[in-house]
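One structure is given below, encoded as structure tokens.
The values are calculated or read from the model by the stated rules, or taken from the named source; none is laboratory data. Keep in mind the model is a prediction, meaning the values are calculated, not measured. Neighbour counts are summed over all protein chains in view; Cβ atoms, including those assigned to glycine, are modelled from backbone coordinates with ideal geometry. The area values use the complete protein model at the heavy-atom level, side chains included, leaving out ligands, DNA and RNA. Shrake-Rupley method; radii C 1.70, N 1.55, O 1.52, S 1.80 Å.
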Amino acid sequence: MNKKLTQSFVTVLIISALCGCVKDNTFTIKGVVAGSTGQTLYLENSGVTGIMVLDSLKLQSGGKFRFEHKRPAFPDFYRLRLNNQLIHFPIDSTETLIFTADVLNFHTSYTVEGSDNSKAFKDITLAQLDANEEIRKLRDSYGMNLIPDSVYQVNVLKAVNTYKDTVKKYVFGSPMSTSAYFALFQKIDGLWTYDLYDKADSKAYGAVATSYKTFMPDNPRSKQLETLALQSLKVRRGERQKQLDLQGKAQEINFIDIELPDIYDKKVKLSEIAHGKAVLVNFTAYQTEWSGMFNITLGDLYLKYKDKGFEIYQVSLDNDAHYWKNIAYNIPWISVRDPQSIYSTSAAVYNVRQLPALFLINSKGELVKRIESVETLDNDIKAAL
């Protein structure tokens, strides 16, 4: 067989495997859940737009179960649900999956046969659970004032990076796999672990999006990934142009509004401040050891550009309101505080994982950049103006 024929044959095999092109048009999920007599087990589809219940059954003595369902047109994501415990798995070229679990540790101690990707899903899920548990412990310690802000932030970031180190072999080693997609969209502490506006993380979106588009261009998930990757590139490069959403309609990338109280308890809206101005949005904590020098740097830039249409909207996440007010009273720019502190909804929607976090909105009201380094701020502000 010549080289061209060999390459064509391999390509056909890959596409066939991805599309699940086998004679049987159904897949089977079966197994045993020990100690589950009388409880209801659900088979659900984790679709792009939401969760759909496909089937359910009440487990009898012995805990045996069996589900059969129509095979998806493209590799898709499913889960078994028992009470509030979930086992996630993909269906691609697989015909039968066999699960063995127990009712107490259903989502962590199960075994699965018939799919390497399903085993990878378990590896990814356990890494995510470990990270969330570590952050929960850190949050408890922080809430009891056993650790300072800086220690809390450093260790939260460390927990997230430990997860990424575990799953990067799927994201970059096999970007066209269901495991890569699954790893990309897991949440830790309520946030996506891969940040669209982070330089390194945007490469992960790009790698998986490119692979999906190449091998499965008509898969709805390919279109979703492409949209997210384009959004990431747009914000990363500070471009001022339109992109296509999932339905092919053009839309602008705008910032998410924030409304928080200043030192006089007056609510200050980011959208009102940003009207016709370039605004630096900064999430910070005045009680950290680096805050003083950081604010001096911001002060120099503020004095340089404030008369040219520049403003700073600084969001304090300090848990001590009195300390914040004492510092903020002498600050010339806008300083507001989120009383939720580390539980801040505003910080969560901007996917803030470490402080200080900086975002730049241009004079047209577009979020154009997440600032990676204070050293580039001067040039970034000039561009936004």
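Key figures
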item	result
In sequence order, calculated HN-Hα J values of the stretch 269-286 (Karplus, 6.51, -1.76, 1.60; Hz; x Gly/Pro)	8, 4, 4, 6, 5, 7, 5, x, 10, 8, 10, 9, 8, 10, 8, 8, 9, 5
R0 of 30 Å, Cβ-Cβ distance Phe172-Leu385: FRET efficiency to nearest 0.05	0.20
Fully extended contour minus Cα-Cα distance, from Asn25 to Ser363, at 0.36 nm per residue	116.2 nm
Sequence-distant aspartates and glutamates (8 or more away, or on other chains) whose Cα lies within less than 20 Å of Lys213	Asp76, Asp92, Asp201, Glu226, Asp245
Kirkwood Rh (inverse of mean 1/r, distinct Cα pairs), the stretch 74-122, angstrom	11.1
Stretchable slack from Asp55 to Tyr329, in nm (0.36 nm times residue separation minus alpha-carbon distance)	92.7 nm
Kyte-Doolittle mean at least 0.5 and Cα axial length at least 18 Å: DSSP H helices in the chain	3-19
Accessible carbon and sulfur surface of the chain relative to its total accessible area, %, 1.4 Å	53
Cβ crowding within 10 Å averaged over residues, with 348-360, 366-378 ranked highest first	348-360, 366-378
Model label zone, Tyr343; criterion: amide N under 17 Å from point 7 Å along Cα-to-beta-carbon; scope the stretch 303-330	317-321
Restraint check, Lys325/Lys382; Lys164/Lys223; Lys203/Lys364; Lys187/Lys223; Lys199/Lys304; Lys158/Lys304, Cα-Cα greater than 32 Å	Lys158/Lys304
Spin-label pair Lys304/Asp116, simplified geometry with 7 Å Cα→Cβ offset, distance in nm	5.3
For the stretch 278-380, accessible area per residue (1.4 Å probe, heavy atoms of protein chains only), Å²	43
Mean Cβ neighbour count within 10 Å, used as a protection proxy, ranking 282-291, 98-107, 310-319 highest first	310-319, 282-291, 98-107
In Hz, Karplus ³J(HN,Hα) per residue of the stretch 47-55 (6.51, -1.76, 1.60; θ = phi - 60°; x = Gly, Pro)	x, 4, 9, x, 9, 10, 6, 9, 6
Cα-based Rg and Dmax for the stretch 255-385, where Dmax is the largest Cα-Cα distance (Å)	13.4, 36
Semi-axes of the equivalent ellipsoid for the chain, Cα gyration tensor, largest first, Å	45, 27, 17
Equivalent ellipsoid semi-axes - Cα gyration tensor, the stretch 19-160, angstrom	34, 19, 12
